[in-house]
Amino acid sequence: MSEGSYEFLNTRIRAMSRDLLKPEFYEEILTASGDEPLIDVLLDSPYETLLREALTVSRGVAALESAIRRNLHATLAKVRASAIGDPKRIVDTQLARWDVANVIALIRGKLSGATSDEILRAVLPAAEYDEVQLRELAEERDVIAVADALTTWNYQFGFVARRVIRESAAPDDIVSIEQKLYRAYFSWALGFLSQDDDNEEILRTLMRMQIDLQNSLSALRAVRYREVGREAPQFLPIPAGRIVPDLLERVITARRLEDAFEILSTTYFGEGIERGILAFGQAHRLSIMERFLEMVVIEAGARLFRGDPLGAGVPLGFIWRKINEFLNLRILVRGKAYGIPANTIREELLII
């Protein structure tokens, strides 16, 4: 068995998958009261060591969130370390997406005056940077300092981020910065993925869905801007998605979010909109619908785990399942802490 083969990597991935939390875990926590049951159950799980360490320096939500962040990074670092050759390139390309998202979260946090702890609550340490490094970046004095630190640390998108930030029309132009960073990432990612290689085509197809998600979210946010009487930011769709530009244009020019949802429901995001429309109607918060649209992509990624046992779908599917576990746990932790009813929390969980 060659170490550079998917057979070698996938054998390790399947062993790691046994540590993923089972569906019954979530129901046990949902029906319990307070934080303590969640802590108790996680102390009897693969999270035990990291949670015990976190509990020595903090309590409650802070300890739980620190433990699940560190577990996410440690788990996916094992995947990266086990991948060699072409499998490593596929894995690293997908994971880099969350490094880009973290850079955006850092910039957004700095522009809003958030504390380093508040910024850390928004990151998803799935790729290059762990919690310690992300905290160091969060403690930089401003956005320019963050960009400079990224280049100093030899982050692969550091120079792109620095250029995008310095060339922005305004220092607080977060919408433009976000769009340009994602455009740069997806252009890079798709640039070397061959359509003639089955494993690379698996990632290419998944990347196109991630592009559609980003474009759809950007379009919906522009509609929301207009609904509240603010000038909508310029919409720069990322090319190469599956959703045609004309439909995205119809979404972004919709009069209300409900009209935009109806247009978007004619695409493969229709299932997510159908699942989330009631929850959106009750709270009228776009962030709720964003979660249901994200579920469509997560489910597509997670399903790959059951595909060709000797192909790229196994590591890619595991990555998305682990990301989903992290998001589910974060929703549980915060929902329990804020006293949100179990049924409301349950609606936002994606149990795979």
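The values are calculated or read from the model by the stated rules, or taken from the named source; none is laboratory data. Model, not experiment: these values are computed from the prediction. Don't worry about glycine lacking a Cβ; one is built from the backbone with ideal geometry, like all the others, and counts go over all protein chains shown.
Of Ala240, Ala260, Ala222, Ala254, all but one fail to be out of contact with any Gly (no Cβ under 8 Å at 6 or more places or on another chain), buried (at least 20 other Cβ atoms within 10 Å of the Cβ) and outside any helix (DSSP H, G or I); the exception is Ala254. Residues in the range 327-345 that are in contact with a helix residue (DSSP H, G or I) (Cβ under 6 Å, 6 or more places away or on another chain), surrounded by fewer than 20 Cβ atoms within 10 Å (Cβ to Cβ) and touching a residue at least 24 places away in the same chain (Cβ under 8 Å): 3 in all. Is it fair to say Tyr182 is in a loop (DSSP other than H, G, I, E, B) and within 22 Å of the chain's Cα centre (by Cα)? No, not satisfied.
Every residue, every condition in (1) at pLDDT 95 or above; (2) under 13 Å from Asp130 (Cβ atoms); (3) part of a helix (DSSP H, G or I), yes or no:
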{"position": "Pro37", "(1), (2), (3)": "no, no, yes"}
{"position": "Asp40", "(1), (2), (3)": "no, no, yes"}
{"position": "Asp44", "(1), (2), (3)": "no, no, no"}
{"position": "Ser58", "(1), (2), (3)": "no, no, no"}
{"position": "Ala62", "(1), (2), (3)": "no, no, yes"}
{"position": "His73", "(1), (2), (3)": "yes, yes, yes"}
{"position": "Leu76", "(1), (2), (3)": "yes, yes, yes"}
{"position": "Val79", "(1), (2), (3)": "yes, no, yes"}
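Scanning the range 53-68 for residues that are over 17 Å from Arg121 (Cβ atoms) and either surrounded by fewer than 14 Cβ atoms within 10 Å (Cβ to Cβ) or hydroxyl-bearing (Ser, Thr, Tyr) (or both) returns Glu53, Thr56.
Can we say Phe305 is farther than 25 Å from Ile39 by Cβ and either in contact with a Cys (Cβ under 8 Å, 6 or more places away or on another chain) or of a type in the set (Phe, Trp, Tyr) (or both)? Taking the combined requirement at face value, the residue satisfies it.
Selection within the range 147-161: residues that are of a type outside the set (A, V, I, L, M, F, W, C) and surrounded by 19 or more Cβ atoms within 10 Å (Cβ to Cβ). The member of this set that is modelled with the highest pLDDT is Gly158. Hey, Leu310 hits all of (1) aliphatic (A, V, I, L, M); (2) in contact (Cβ under 8 Å) with a residue 60 or more places away in the chain; (3) part of a loop (DSSP other than H, G, I, E, B); (4) more than 22 Å from Asp86 (Cβ to Cβ) but one; which does it fall short on? Of (1) aliphatic (A, V, I, L, M); (2) in contact (Cβ under 8 Å) with a residue 60 or more places away in the chain; (3) part of a loop (DSSP other than H, G, I, E, B); (4) more than 22 Å from Asp86 (Cβ to Cβ), only one is false for Leu310: (4). Residues of the range 269-285 that are surrounded by 19 or more Cβ atoms within 10 Å (Cβ to Cβ) and not in a loop (DSSP other than H, G, I, E, B): Gly272, Ile273, Gly276, Phe280. Of the numbered criteria (1) hydrophobic (A, V, I, L, M, F, W, C); (2) over 29 Å from Gly313 (Cα atoms); (3) at pLDDT 95 or above, the one Ala232 fails is (3).
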